[in-house]
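Here's the structure we're looking at; comments come further down.
The values are calculated or read from the model by the stated rules, or taken from the named source; none is laboratory data. All of these numbers come straight from a predicted model, not from anything done at the bench. Every residue, glycine among them, receives a Cβ derived from its backbone with ideal geometry; neighbour counts consider all protein chains shown.
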Amino acid sequence: MANIWNPYRFAYSEYVVPLLCLSLILIGVIIRWLIEGRKRNEYIWRLLLMFWIFTILSATILGRGRYRGDNLNLHLFWTFRYAWTNHSWRHWYDIIGNMMLFLPLGIILPSALSVFRRLLRTFSAGLILSVFVEVYQYFTHTGLCELDDIFNNTYGVLLGFAIWVVYRKGICRKSKLLARSFILSTSGIMIVLLIISLVSWK
């Protein structure tokens, strides 16, 4: 899953990515100059949304070689079980990487498009994108199609949305507390699992 932590590995990425970034920055500068108020911020967030979807597709589809062997795994949570029982830091690395890849999407979507300021809609968008990626990998043999990846990706979107609720929306104190509790409890569970795995290493 090196592509997750270094997503821009496709052909000519050393040229395409800088040009894309410069183009988006230039467009962003023009938007800030021509448009005022909240609309300006929404347009900038939409540019970020385009860039991050490109990043996700770069990590999961572009530049991937052909996967050899059976590329379908429908055993839910197998990566968690394997990482735990075999003390596999590589699998923990992959699990966290899948979540982190989609986490920004949960922040950017509701910031860019008001229609996604509801949890179910953001959740559905993340789920659909993740399923699309996995199905594409299955039929093109460019990766391993796994239920775990869909779960991790969608969970990352939910974490991102919770962060958005706490730090961006900030309208209802109750929502803030619920979202903060969700983030802290989830982070705590993951940290505890990693510590136990390290301590019990044989």
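Some points to look at:
- Test: residue in segment 51-58 that is farther than 23 Å from I128 by Cβ, part of a helix (DSSP H, G or I) and either in contact with an Asp or Glu (Cβ under 7 Å, 6 or more places away or on another chain) or not aliphatic (A, V, I, L, M) (or both): no
- Which listed residue, of G188, G156, is within 29 Å of S111 (Cβ to Cβ), in a helix (DSSP H, G or I) and at pLDDT below 80: G188
- Any hit, segment 145-152, residues being aliphatic (A, V, I, L, M), surrounded by 22 or more Cβ atoms within 10 Å (Cβ to Cβ), within 21 Å of F80 (Cα to Cα) and out of contact with any strand residue (DSSP E or B) (no Cβ under 7 Å at 6 or more places or on another chain): no
- Inter-residue pairs, beta-carbon under 7 Å, first at pLDDT 75 or above and in segment 10-38, second of a type in the set (A, V, I, L, M), 6+ apart: L24/L47; I27/L47; G28/I44; G28/L47; I31/I44
- In segment 70-108, the qualifying residues are those that are of a type in the set (S, T, N, Q) and surrounded by fewer than 20 Cβ atoms within 10 Å (Cβ to Cβ), and the one that is nearest to N152 (Cα to Cα) is N73.
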